[in-house]
Amino acid sequence: MEDGAPLETVRGWLCAAHRIAVLTGAGISAESGVPTFRDAQTGYWAQFRAEDMATEEGFRAHPGRVWGWYQHRRQMLAGVQPNAGHRALAEFARRHPGRLTLITQNVDGLHQRAGSTDVLCLHGDLMEDRFLDVPRACCHPDTVEAGSPPHCPRCGNMLRPGVVWFGENLPLRTLEAAQQAARACDLMLVVGTAGAVYPAAGLARIARDAGARVAIVNPQPTELDAVAHMVLRGTAAQVLPVLLAPAGSGGDNGPVPATP
Ligand code: BV8
């Protein structure tokens, strides 16, 4: 373990890093009020497992239920804003063009709304739809029939959310760009993810094996703690503004305890 306050140690790594890769998960949106996957589903949805609904099989078996879950999540997103963690990442990237690659597992679009650009969205975008089956000549997004889910009035092809479900491949070019960023970085920050979903979680190991330093920002232990050189036990909105603050701005939120 490095000497000195853990956050100051990671800040030293950050200042020395030519290339920084950041992998975020649902936890970075928690302080915006977006429930994470770990959080028990709320209300009506508490009776279902996200892993069962975020699958093609789950959608084909219960299209109305799964579509309703995504509509519920979209409506919830309409009322939330990016938080200080999202903004700290966007502002750092603006101050240091080309130095930071942001990779996210999230589908909530909050990084982009905070001003981050060129975000590598491994799992798609909650606000996009596409046809479930290969569209035929009769399938046009602008002529779908309303319903739960909306569908082609001619052949019944249903719309589905534009996200990557469990058991589906990630967008290849996006995944390859993320893997390349992990291999090329000097520092990887892993923020707000339990590190349980692959191949996204594997990016931390790729970075470490390629010689990068790996630091985690998470209030709880994760499945990637053993891959990290340093764990900062804190929330994204608390830690990132201090960690990523412009040089000379102090960041006097006090030391963030490392793992015990
Ligand atoms: C695939 C979109 C090939 C949908 C999501 C090994 C290699 C390859 C694949 C696998 C493998 N092992 C298993 C698999 C299969 C599977 C998988 O990983 N399963 C897991 C459950 C074991 N992976 C796949 O299926 C992937 N595809 O591999 O293709 C293939 C093809 C066919 C057959 C096999 C393989 C596709 C995975 C993508 C699934 N889609 N999202 C939707 O959103 O509805 S995943 C979804 O869940 C999220 O996008 C996210 O990635 C994941 C949740 O993870 P987290 O982001 O970590 O969130 P979580 O709630 O779990 O944790 C929150 C964390 O935040 C906690 O640590 C908490 O402490 C922390 N936190 C809380 N508050 C804060 C905070 N941190 C900071 N600040 C705070 N305030």
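The values are calculated or read from the model by the stated rules, or taken from the named source; none is laboratory data. Bear in mind that the values here come from a model prediction, so they are computed numbers and not experimental data. FYI the Cβ positions are ideal-geometry reconstructions off the backbone, even for glycines, and counts take in every protein chain you see.
Cβ-Cβ contacts under 7 Å between residues 6 or more apart (or on different chains), taken from a first residue in segment 199-212 that is of a type in the set (D, E, K, R) to a second residue that is more than 7 Å from the ligand (Cβ to nearest atom), are listed as Arg205/Val227; Arg208/Val214; Arg208/Val227. Residues in segment 34-47 that are within 12 Å of the ligand (Cβ to nearest atom) and outside any helix (DSSP H, G or I) were compared, and the one that is surrounded by the fewest Cβ atoms within 10 Å (Cβ to Cβ) is Ala40. Within segment 94-139, the set of residues being more than 21 Å from Pro171 (Cβ to Cβ) and out of contact with any Cys (no Cβ under 9 Å at 6 or more places or on another chain) comprises Arg94, Arg95, His96, Pro97, Gly98, Arg99, Ala114, Gly115, Ala137.
Filtering Asp209, Asp142, Asp186, Asp118 for residues that are more than 13 Å from the ligand (Cβ to nearest atom), assigned by TED's automatic domain parsing to the domain that holds Thr222 and farther than 19 Å from Thr24 by Cβ leaves a single hit, Asp209.
In segment 12-30, which residues are in a helix (DSSP H, G or I) and either more than 11 Å from the ligand (Cβ to nearest atom) or over 22 Å from Met188 (Cα atoms) (or both)? Residues satisfying the conditions are Gly12, Trp13, Leu14, Cys15, Ala16. Just one of (1) outside any helix (DSSP H, G or I); (2) surrounded by fewer than 17 Cβ atoms within 10 Å (Cβ to Cβ) fails for Pro82. It is (2).
Taking (1) part of a helix (DSSP H, G or I); (2) of a type outside the set (S, T, N, Q); (3) loosely packed, with under 14 Cβ neighbours inside 10 Å in turn, Glu8 satisfies each apart from (3). Count of segment 121-139 residues, restricted to those that are within 16 Å of the ligand (Cβ to nearest atom), without any contact (Cβ under 8 Å) to a residue 60 or more places away in the chain and of a type outside the set (D, E, K, R), is 4.
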